[in-house]
Amino acid sequence: MNKELKNSVDFINQQVGKKTGFDIPKNYFSDIEKNLSTNLFSVGLPKANAFKVPSDYFDSVEGDIFNKLNLNEEKEIKVISIRKRILRFVPLAAAASVLLFLGLNYFNTTSSPITFDDITIADIESWYENGYGDTNSDELALAFNDSTLEDDSLSLITDENLEEYLSEIDSSTYLNEIQ
């Protein structure tokens, strides 16, 4: 092993005191990005002084500003009249109000309102048959008090009239009512 070390190029150069020329400065890899960006930035900067005031600038700047201000005052300003704007919408408002008036009168024409007298007995019967009138006998008794029944109507019911009525009714209707 010692023979290999003695015959290697590095060992010989070390004994002679000769350097290879491939040395890297300290912190080369950690500082390379910063150095490269600094060099690129400095190359991109102009070499001449860019912040130079033109000659006679301060002597003529006041006159240039006043010339620009006078040009703006000479321009004609467009004025829009409020009266013209309002008059433009008057025909539209009139047409809309006429249409509203006609529409309300046309669509609101209904016949006379429905009163209690317009309801027929058939309507009330169908209402109860469809299940909307779930009332018990106490509620009916409150609705039809004794003053609404006439005494004469009760006197018309006799035993003969009752037997005649019961004999006319089909017995199958009784069976259907029980179920």
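The values are calculated or read from the model by the stated rules, or taken from the named source; none is laboratory data. Just so you know, these numbers come straight off a predicted model, no measurement behind them. Note: accessible area is taken over every heavy atom of the protein model, side chains too, but ligands, DNA and RNA are not part of it. Shrake-Rupley method; radii C 1.70, N 1.55, O 1.52, S 1.80 Å.
Can you report the number of residues in the range 41-65 which are under 52 Å from the mean Cα position of the chain (by Cα) and either polar (S, T, N, Q) or open to solvent by 100 Å² or more (accessible area, probe 1.4 Å) (or both)? Adding up the residues that qualify gives 1.
Looking only at the range 74-105, residues that are polar (S, T, N, Q) and in a loop (DSSP other than H, G, I, E, B) come to 1 in all. Tallying residues that are at pLDDT below 85 and among the basic types (Lys, Arg) within the range 42-101 yields 5.
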